[in-house]
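Remarks on the structure that follows.
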Amino acid sequence: MLQGQEAHAAEMERTFIAIKPDGVQRGQIAEIISRFERKGFKLVAIKLVVPSKDFAQKHYHDLKERPFFNGLCEFLSSGPVLAMVWEGEGVIKYGRKLIGATDPQKSEPGTIRGDLAVVVGRNIIHGSDGPETAKDEINLWFKPQELDSFISISIGTKLART
Ligand code: GDP
Ligand code: MG
């Protein structure tokens, strides 16, 4: 068992996960959430939003030189996106493992993209790729108070278990 500060730091790791418009429209919300829940990660914030194209460009700013950038941002802003924050030890790296490779043709079976998607431009889900991006993306998509209300619930759950 991790104790004290170590346990606290491990528990507090968070990542930003979004089900893109294709995943929402294809009815994959429950399937995707259940994979994160079954693994043991904790959902700490969730909302359905239609991002503007400007907002999508902010989210994908590191890809602005890529030829697919415009189409990618058009697509992300084309319909509802399910924005989420998940918490748990190693959730950033393991979340990417659950998601699978960027190109669904290269994602292993058993991963979300491997099982549920076919082409790179419609790969149904986003997950932060490291601690810095996780922090930036959570702050871009969620206001502090949207996270706070869920923190108190999760603390309540923990107290109930001990
Ligand atoms: P991710 O972190 O696995 O989502 O991959 P990236 O950060 O590299 O790219 C962001 C998103 O851009 C991907 O999830 C894809 O939807 C899209 N994308 C990446 N590479 C390509 C590509 O070569 N062609 C197209 N059309 N889309 C791409
Ligand atoms: Mg990425």
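Pairwise Cα separations in the range 69-154 fall into 5 Å bins from 0 onward with the following percentages, short to long: 3, 12, 19, 22, 23, 12, 7, 2, 0.
Restricting the calculation to Cα atoms, every distinct pair contributes to the Kirkwood radius of the range 49-92, found to be 11.6 Å.
Near LEU72, once Lys and Arg are set to +1 and Asp and Glu to -1 for all other residues with Cβ below 11 Å from its Cβ, the sum equals +4. Distance between the 7 Å Cα→Cβ label points at VAL118 and LYS53: 2.7 nm. Look at ASP103, ASP22 and count the other Cβ atoms within 10 Å of each Cβ; fewest to most, that gives ASP103, ASP22. Listed from fewest to most Cβ neighbours within 10 Å, the set MET84, MET12 follows the order MET12, MET84. Note on the range 14-60: Kirkwood hydrodynamic radius from all Cα pairs is 12.2 Å, rounded to one decimal. With distances taken between every two different alpha-carbon atoms, the range 11-162 has a Kirkwood hydrodynamic radius of 15.8 Å. Extension gain, LEU63 to GLN25: 0.36 nm times the residue separation minus the Cα-Cα distance gives 11.2 nm.
How far is the Cα center of the range 123-141 from the Cα center of the range 88-122, in Å? Value for the Cα centre distance between the two parts: 14 Å. When only the Cβ of Lys, Arg, Asp and Glu is charged (+1, +1, -1, -1), the dipole of the range 12-162 relative to its Cα centre reaches about 280 debye.
Arranged from fewest to most other beta-carbon atoms within 10 Å of their beta carbon, PHE142, PHE68, PHE16, PHE55 become PHE68, PHE55, PHE142, PHE16. Which lysines, if any, have their Cα less than 27 Å from the Cα of LYS20, not counting same-chain residues under 8 positions apart? Within reach: LYS39, LYS42, LYS47, LYS53, LYS58, LYS64, LYS93, LYS97, LYS106, LYS135, LYS143.
Here, each number is a calculation from the coordinates, and none is a lab measurement. The structure displayed is predicted, hence computed values, not measured ones. Glycine also receives a Cβ, built like all others from the backbone with ideal geometry; neighbour counts cover every protein chain displayed.
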